[in-house]
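The values are calculated or read from the model by the stated rules, or taken from the named source; none is laboratory data. Keep in mind that this is a model prediction, so the values were computed, not measured. In this analysis, Cβ positions are derived from the backbone assuming ideal geometry, glycine residues included, and neighbour counts consider all displayed protein chains.
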Amino acid sequence: MWIRLSSASVAGAGPAVAEREGAEADAAVDAPYNVVLWNDPVTLMEVVVRALKKVFGYDSEKAELLMLTAHREGKAVVWTGDRDRAVRHCLELGTYGLQSTVARAT
């Protein structure tokens with residue numbers, strides 16, 4: 001979830017509204033985010049495991065477990081943390097041809 005502030009939405013709203021919206025935006029940035037790996041019926045399982053080990057530094061056992069979770073359930077949360085790092089990890093997974101998304105953790 002991205003929170004955007006535009007001058008049109010804040011103009012005339014007064015400083016109290018602008019401050020509240022700014023605090024909500026800060027809270028959204030500070031909230032933890034998940035990197036969700038989606039099942040890929042084309043990419044070899046070994047490639048997925050190798051990518052998880054390289055991108056996240058996971059050992060073989062954990063990487064295999066996450067790969068199998070995505071394979072069986074259609075998706076797997078492979079990492080949780082701050083939004084900027086989640087986006088970087090998502091982009092790195094894409095360099096291996098893997099589909100992943102970033103979502104706010106619940």
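For segment 88-105, a residue qualifies if it is touching a residue at least 24 places away in the same chain (Cβ under 8 Å) and in a helix (DSSP H, G or I), and the qualifying residues are His89, Cys90, Glu92, Leu93.
In segment 42-62 there is no residue matching the filter, namely being among the small types (Gly, Ala, Ser), in contact (Cβ under 8 Å) with a residue 12 or more places away in the chain and in contact with a Lys or Arg (Cβ under 9 Å, 6 or more places away or on another chain).
From the list Trp79, Trp38, pick out the single residue that is aromatic (Phe, Trp, Tyr) and in contact (Cβ under 8 Å) with a residue 60 or more places away in the chain. Working first, answer last.
Details: Trp79 fails: in contact (Cβ under 8 Å) with a residue 60 or more places away in the chain.
None of the others qualify; the one that does is Trp38.
Pick from segment 36-53 the residues that are hydrophobic (A, V, I, L, M, F, W, C) and surrounded by 14 or more Cβ atoms within 10 Å (Cβ to Cβ): which of them is farthest from Arg104 (Cα to Cα)? Show your work before the answer.
Quick first cut of segment 36-53, residues hydrophobic (A, V, I, L, M, F, W, C) only: 36-38, 42, 44-45, 47-49, 51-52.
Filter once more, so that each one left must be surrounded by 14 or more Cβ atoms within 10 Å (Cβ to Cβ): 36-37, 47-49, 51-52.
Details: Val36: 10, Leu37: 14, Val47: 26, Val48: 23, Val49: 24, Ala51: 22, Leu52: 20 Å.
Among those that are hydrophobic (A, V, I, L, M, F, W, C) and surrounded by 14 or more Cβ atoms within 10 Å (Cβ to Cβ), it is Val47.
Of all residues in segment 76-87, those that are surrounded by 13 or more Cβ atoms within 10 Å (Cβ to Cβ), part of a helix (DSSP H, G or I) and not aliphatic (A, V, I, L, M) total 2.
Filtering segment 27-75 to residues that are among the hydrophobic types (A, V, I, L, M, F, W, C), in a loop (DSSP other than H, G, I, E, B) and farther than 19 Å from Thr95 by Cβ leaves only Ala31.
No other residue among Ser9, Ser100, Ser60 is out of contact with any helix residue (DSSP H, G or I) (no Cβ under 6 Å at 6 or more places or on another chain) and modelled with pLDDT of 95 or more apart from Ser60. Taken as a whole, segment 54-72 holds no residue that is surrounded by fewer than 15 Cβ atoms within 10 Å (Cβ to Cβ) and touching a strand residue (DSSP E or B) at 6+ places or on another chain (Cβ under 7 Å).
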